[in-house]
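First the structure, in the form of structure tokens, and then the observations on it.
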Amino acid sequence: GESVGLHLPTLSVQEGDNSIINCAYSNSASDYFIWYKQESGKGPQFIIDIRSNMDKRQGQRVTVLLNKTVKHLSLQIAATQPGDSAVYFCAESSNSGYALNFGKGTSLLVTP
Amino acid sequence: EPEVTQTPSHQVTQMGQEVILRCVPISNHLYFYWYRQILGQKVEFLVSFYNNEISEKSEIFDDQFSVERPDGSNFTLKIRSTKLEDSAMYFCASLLTRGVTEAFFGQGTRLTVV
């Protein structure tokens, strides 16, 4: 079936470096792509989203890039901080309000 | 900041028993969801609820599951006869309205079926 998946299960970066988390998707009909952060013992927390008619969107210290040609999504975190350590999930939805289809998650570990 | 609250935080139940997981979504939100996450795995969609009815459900959400919004503030997930494989973290989420994508998730209820 359609899936959203992640290239790497774990990523370790040094504090202050930039992080890039990647995600591949297969559903061409997806309209929204969203990144969520999940800290230990907590529910997923929205970070940023991008619609399928865009290729880049920036937030505070985060940038999401969408490449529809190769069905690839990435999350870039600038100047990674220890508080960024968490599991990051990409998710897709065919429309706002509809079910989120989550990928498997990448664990980001920020070392001092 | 408004938040989605879930109770209990941890529920242990015997196989075959009924459980009810409770959620209080953010008060002005219109869309409500249940997701589950088996330990170490991805978050999986169960059901969405809008205008007092189910709007979408996954294959996981079979007739052992039901949802209800009994009083305009609580949103519940009932599992009629729990199985071992129902053990997971269950997350409730709410969304303000169509046209936005920022769904707010609760802290989750860890369900352990023994």
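Please find, within the stretch B:58-107, the residue that is modelled with the lowest pLDDT out of those that are assigned to a loop (DSSP other than H, G, I, E, B) and within 14 Å of B:THR5 (Cα to Cα). Don't jump to the end; show me each part of the working.
So the first thing to find is which residues in the stretch B:58-107 are assigned to a loop (DSSP other than H, G, I, E, B), and the list is B:58-64, B:69-74, B:80-83, B:87, B:96-103, B:106-107.
Going one step further and asking which of them are within 14 Å of B:THR5 (Cα to Cα), we end up with B:73-74, B:103, B:106-107.
Values: B:SER73: 89, B:ASN74: 95, B:ALA103: 93, B:GLY106: 97, B:GLN107: 96.
Selected residue: B:SER73.
Could you run through the stretch A:27-44 and say how many residues are open to solvent by less than 40 Å² (accessible area, probe 1.4 Å) and either touching a Ser or Thr at 6+ places or on another chain (Cβ under 8 Å) or among the polar types (S, T, N, Q) (or both)? Break it down into steps so the answer makes sense when it comes.
Taking the stretch A:27-44 and keeping what is open to solvent by less than 40 Å² (accessible area, probe 1.4 Å), we get A:27, A:30-38, A:43-44.
Next, only the ones that are either touching a Ser or Thr at 6+ places or on another chain (Cβ under 8 Å) or among the polar types (S, T, N, Q) (or both) stay: A:27, A:30-34, A:38.
Within the stretch A:27-44, residues that are open to solvent by less than 40 Å² (accessible area, probe 1.4 Å) and either touching a Ser or Thr at 6+ places or on another chain (Cβ under 8 Å) or among the polar types (S, T, N, Q) (or both) number 7.
Here A:PHE102 passes the criteria (1) over 13 Å from A:LEU11 (Cα atoms); (2) under 11 Å from the mean Cα position of the chain (by Cα); (3) open to solvent by 10 Å² or more (accessible area, probe 1.4 Å) except the one numbered (3). Would you check if there is a residue in the stretch A:19-32 being touching a residue at least 24 places away in the same chain (Cβ under 8 Å) and touching a Pro at 6+ places or on another chain (Cβ under 7 Å)? No, there is no match, as no residue in the stretch A:19-32 is touching a residue at least 24 places away in the same chain (Cβ under 8 Å) and touching a Pro at 6+ places or on another chain (Cβ under 7 Å). Looking across the stretch B:81-101, the residues that are surrounded by 14 or more Cβ atoms within 10 Å (Cβ to Cβ) and under 24 Å from B:GLN41 (Cβ atoms) come down to B:THR82, B:ASP86, B:SER87, B:ALA88, B:MET89, B:TYR90, B:PHE91, B:CYS92, B:ALA93, B:SER94, B:LEU95, B:THR101. The set of residues from the stretch B:1-53 being open to solvent by 50 Å² or more (accessible area, probe 1.4 Å) and touching a helix residue (DSSP H, G or I) at 6+ places or on another chain (Cβ under 9 Å) comprises just one member, B:MET15. Exactly one of (1) surrounded by 13 or more Cβ atoms within 10 Å (Cβ to Cβ); (2) assigned to a loop (DSSP other than H, G, I, E, B); (3) aliphatic (A, V, I, L, M) is unmet by A:ALA79. Its number? The failed condition is (1).
The values are calculated or read from the model by the stated rules, or taken from the named source; none is laboratory data. The shown structure was predicted, so the numbers you read here are calculated from the model rather than taken from an experiment. Ideal geometry is used to build each Cβ from the backbone, glycine not excepted, and the neighbour counts take in all protein chains shown. Heads up: the accessible areas ignore ligands, DNA and RNA and are worked out on the full protein's heavy atoms, side chains in. Shrake-Rupley method; radii C 1.70, N 1.55, O 1.52, S 1.80 Å.
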